[in-house]
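The values are calculated or read from the model by the stated rules, or taken from the named source; none is laboratory data. These figures come from a predicted structure and were not determined experimentally. Because the Cβ atoms are built from the backbone with ideal geometry, glycine has one as well, and the counts that use them run over all protein chains shown.
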Amino acid sequence: MNNNHFSGQPEVTETVIVGGGQAGLTLGYFLSRQHRDFVILDASQRVGDGWRKRWDSLRLFTPAKFDGLVGMSFPGDRLAFPTKDEQADFLESYARKFNLPVLSNTRVERVERSGDGYLITAGDRQWSATNVVVATGPEELAKIPSFAQDLSPSIRQMHSTGYRSPGQLQDGPVLVVGAGNSGAEIAFEVVRSHPTLLAGSPSAELPFKHGRNAARFALPLVRFAGLHILNLDTPIGRKAAPGFLTHAAPLIRTRIRDLVAAGVEIVPRITGIQSGAPLTAEGKELEVSNIIWCTGYRHDYSWLNVPGALDPKGVPVQRRGVVETSPGLYFLGLEFLYCAASSSLPGVGRDAKYLAEHLAARQAAPAGQRQDVG
């Protein structure tokens, strides 16, 4: 039930972008170049907080030369791997340089159809818009196994979204659950101060060593493949797309042998809780003092009240970001929206440009003929 009280009429704009991360900002850049009327609504306190809230030691996997956005290069050493705070500050500088209309501390609570457009509600404010672009990105709500509630209260547990540094942990062993990139990097850090176990196995590992040489020679090839080969216009891209959406990314910087050499114990996946302790697939109880769940995220579109926009599993029904059943509704920044790099800094620009051109064409059509086309 919505108990908000609204005074006056909704604020009118052509396009509302929900989310002020790299996807929303890049689309904002293109719309501002077209002199369109739009606003970016973001729940965070500051532009870039999506990066700032990650763990303290996090660095990007992509070198600085690939971490800029359309119209603005990332400053400094082009082969360096920026910290998460450096990336956050860059996004804030980007929004300021191009004077993008970002409203921070504005959490969208409801989007619904209203006539030929949409009504967007955030707190005690409303907007009426012809178009809505959902640019909240691929990471939203922490996903934790339901059996985690049965852990002994003596075990300190947190999701990777809440982890900042080893100083948050109790004395004693740490179990990191999930052998993806977050789990591997956090385990590699934590083992320096705590006995550490890592549960699970990676889907794959990068076939070359990550670092400056990779930034110079190998990663440009990976970027090219992610943009121009693995996309929905190529047979190999269409075949690969389902796997990208259902399988974890390969380990990029930290390999299993690096973890073992550093003292991390690799254990089977966790399947439940027994006597308050985590239980492995082999039936062994693990005696630990801390658990960090690196078990991924799930989308939450409960605020998107637009029939046909989501399938029964809550996944957006779209074609290259365009929701064909609901003209004027779009998604941006999703995994494999168009190519393998769609949700990444190197890939978001092309998708944003495509949607900006689509929006411009739609606005140019007569009011009664505005139907989205692929």
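Answer yes or no as to whether G314 is small (G, A, S), closer than 21 Å to A129 by Cβ, part of a loop (DSSP other than H, G, I, E, B) and touching a residue at least 12 places away in the same chain (Cβ under 8 Å). Answer is no for this residue.
So in segment 67-100, with the set limited to residues that are in a strand (DSSP E or B) and in contact with a helix residue (DSSP H, G or I) (Cβ under 6 Å, 6 or more places away or on another chain), which one is nearest to L310 (Cα to Cα)? Out of the qualifying residues, it is L69. Looking across Q170, Q157, Q87, Q149, one residue alone is within 28 Å of P316 (Cβ to Cβ) and either over 17 Å from the mean Cα position of the chain (by Cα) or of a type outside the set (F, W, Y) (or both). It is Q87.
Name the one entry in V322, V348 that is β-branched (V, I, T) and touching an Asp or Glu at 6+ places or on another chain (Cβ under 9 Å).
Values: V348 fails: touching an Asp or Glu at 6+ places or on another chain (Cβ under 9 Å).
After applying the criteria, what remains is V322.
Only one of the listed residues (F81, F74) is free of Cβ contacts under 8 Å to residues at least 40 places away in the same chain and buried (at least 18 other Cβ atoms within 10 Å of the Cβ). That residue is F74.
Out of L141, L169, which single residue is crowded, with 17+ Cβ neighbours inside 10 Å and in contact (Cβ under 8 Å) with a residue 60 or more places away in the chain? Let's see the steps before the verdict.
On the way: L141 fails: crowded, with 17+ Cβ neighbours inside 10 Å.
Result of the check over L141, L169: L169.
Of the residues L259, L227, L219, L245, the single one that is loosely packed, with under 14 Cβ neighbours inside 10 Å and either in a helix (DSSP H, G or I) or assigned by TED's automatic domain parsing to the domain that holds P82 (or both) is L245.
For segment 262-285, the tally of residues that are part of a loop (DSSP other than H, G, I, E, B) and charged (D, E, K, R) stands at 3.
Which members of segment 101-118 meet the condition of being within 25 Å of the chain's Cα centre (by Cα) and assigned to a strand (DSSP E or B)? Lay out the reasoning, then the answer.
We begin by selecting, within segment 101-118, every residue within 25 Å of the chain's Cα centre (by Cα); these are 101-112, 118.
Result: V102, L103, R110, V111, E112, Y118.
Results for (1) over 26 Å from T62 (Cβ atoms); (2) in the same structural domain as R253 (by TED's automatic domain parsing); (3) surrounded by fewer than 16 Cβ atoms within 10 Å (Cβ to Cβ); (4) not aromatic (F, W, Y), shown as yes or no for each residue.
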{"site": "A95", "(1), (2), (3), (4)": "no, no, no, yes"}
{"site": "F98", "(1), (2), (3), (4)": "no, no, no, no"}
{"site": "V102", "(1), (2), (3), (4)": "no, no, no, yes"}
{"site": "T106", "(1), (2), (3), (4)": "yes, no, no, yes"}
{"site": "T130", "(1), (2), (3), (4)": "yes, no, no, yes"}
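Only one of the numbered conditions (1) in a strand (DSSP E or B); (2) not assigned by TED's automatic domain parsing to the domain that holds L259 is not met by L197, and that is (2). Scanning segment 326-337 for residues that are surrounded by fewer than 21 Cβ atoms within 10 Å (Cβ to Cβ) and closer than 24 Å to A129 by Cβ turns up S326, P327.
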